[in-house]
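Working notes for the structure below.
Here, each number is a calculation from the coordinates, and none is a lab measurement. This one's a predicted model, so the numbers in the text were calculated from it and none came from an experiment. Cβ placement follows ideal geometry from the backbone for every residue including glycine, while neighbour counts extend to all protein chains displayed.
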Amino acid sequence: MPNPNSKLTDRGRKKIVVIGAGPVGCAEALWMEKRGHHVDVYEMREDPRISIDEKGSKSINLTISHRGLSSLEKINMKDRVCRKAIPCYGRMIHDRDKTTRISLYGEKNESILSVNREVLHTELVDAVDKCPNTRIFFNHKLVGTNFDKTEVTFQTPDPNRPADDKDNVTITSTVKADVILGCDGANSCMRKYMNRESYLRYKEESIDERYTELTMPATKHNKFAMKENYLHIWARDEFMLLALPNQDKSFTVTLFMPTNVFESLTDREAATAFVNEHFADAVSLIGEEQIVDRLTSRGNAHSLMWVKCSRYNIDGKVLLLGDAAHAMVPFYGQGVNCGFEDLMVLDKLLDDHNEDFEKAMNAFSEKRTEDAAAMCDLSLENYNELKRKVNTPWLSCRKRIDSILYRVFPSSWVPIYTMVAFSDIRYSDCVRKRKWQNKMIYGGVCAVVIAVSVITGLCSIAYTHGFTS
């Protein structure tokens, strides 16, 4: 039955096919259901509610902030997600001497939410399953497209084959749609098919960093092993350990290091010496055996990549959203927020263009390519800040300057993190404002240095003149 809140007539309703049932794909299905369209979601993997996640999953905890929450609120998912998340009010930095210090995210008690990816995913899949005009299909692998006809082709396992059949017998089916939305992640098949059919120019690149994920369990008294309302950071210049809290009193811990460092830790003795030298206080809470096992087992160092596209759509037929359009490294915590914000931006453009998908998609590509590229660059820059600059006096000084100016000029001077995480300011505008702020601060510092030098020089001349007189 049609969505009673939709203003669409039966004639205006479209058949929407969403490729990918990750968090962004499921959320987009909810947005399109809300608009009154008929939605089918196709996912290559199994239903996350029945598949068991392996120990040592390569899923980094997600952090959701203002942009993501605003989008989730519009589809009635904000409260459900917030109940499954833990607020983090800042970074707790663990220094080499085992002391800690806190760097708050905002000036007004703002927080980001730490949420397990699987938990968020399951909540969204459950919500999609309850929609009257939306269906979700798992174990459907995308194997072909015909965008001229707005068709996609899938392979699925043959349900009649024996459970122990190893020949991977499949059934192929083609689905016709009015609109196809690609939400199938950083390694998007949709993006590759769009490039084949329409020469979609894009760049994807892995950075020379790898990560592996660990778990810091709850204490024997079922308490958090560290203060829970912070993102914990062990910054060691060339490598970094991050820990984010979970509702079961554990922390998801992620170790980031250059590829050559991972490759050098091939035996248990070297790995043991390495982690105890650099992360001794964390090792005692995580467990030395767990860390050493992860470092010395093959296949546990996962890559990180970013993606930038020249555009995201083919006419009004096909559109990329989320990581499929603009994957970014996770060091600003904006990947899922940017993806969720995509959906809100598209929804507003469909309103602005009276449900004309071609006009809305063209406008979306024009607007979001600039913003997503800006956020990709910020995420890369923030990695250097996290692993190196959190330990420098300049960063602390800069944060104090930003804090003072923000209190004095709240409407014209907003710190970059506040703009990105706690506002609706376009990412590209955040970057432009930051460049202006840097220019003003560096100009001010130079002016002070010059003034002090001049005054010192005049005083020296006066003193010398008076002495010789």
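Taking other Cβ atoms within 10 Å as a rough exposure proxy, LEU386, LEU380, LEU30 sort from fewest to most as LEU380, LEU386, LEU30. Think of it as helices only: each DSSP H run of n ≥ 4 in the chain is worth -39500 (n - 2.57), and spread over all residues that comes to -13500 deg cm²/dmol at 222 nm.
Report the calculated FRET efficiency for LYS399 and HIS302 (r = Cβ-Cβ distance, R0 = 41 Å), to the nearest 0.05. Between LYS399 and HIS302 the formula returns 0.85. Give me the dipole magnitude in Debye, nearest 20, for the chain about the Cα centre, with unit charges on the beta carbon: positive for Lys and Arg, negative for Asp and Glu. It comes to approximately 1240 debye. Listed values [x] 24.5; [y] 23.9; [z] 26.6 include one computed from this model; for Kirkwood radius over Cα pairs in Å that value carries the label [x]. As a proxy for reagent exposure, TYR105, TYR332 were ordered by neighbouring Cβ count within 10 angstrom, fewest first; the result is TYR105, TYR332.
The lysine pair count for the stretch 22-146, using Cα distances under 17 Å and pairs eight or more places apart or on different chains, is 5. Scanning residues 5 or more positions from GLY185 or on other chains, those with amide H under 5 Å from its amide H are ASP323, ALA324, with H placed 1.01 Å from N in the peptide plane. The relative contact order of the chain comes to 17 percent, based on Cα pairs under 8 Å that sit 6 or more residues apart.
In units of the compact-protein estimate 2.2 N^0.38 Å, the stretch 164-284 shows a Cα radius of gyration of 1.59. With neighbour counts taken as other beta-carbon atoms within 10 Å, the residues PHE364, PHE262, PHE224 rank, fewest first, as PHE224, PHE262, PHE364. Under the convention that each Lys and Arg Cβ holds +1 and each Asp and Glu Cβ holds -1, the size of the dipole of the stretch 136-271 around its Cα centre is about 380 debye.
For the pair the stretch 197-257 and the stretch 76-91, the centres of their Cα atoms are 17 angstrom apart. Restricting the trypsin sites (Lys or Arg not before Pro) of the stretch 162-249 to loop positions (DSSP other than H, G, I, E, B) with no more than 15 neighbouring Cβ atoms within 10 Å leaves LYS166, ARG201, LYS220, LYS223, LYS227.
Restricting the count to DSSP beta bridges whose residues both fall in the stretch 10-375, what percent are antiparallel, rounded to a multiple of 5? Kindly include the intermediate steps, with their values, before the conclusion.
Values: 50 of 69 bridges.
Around 70 percent of the beta bridges assigned by DSSP in the stretch 10-375 are antiparallel ones.
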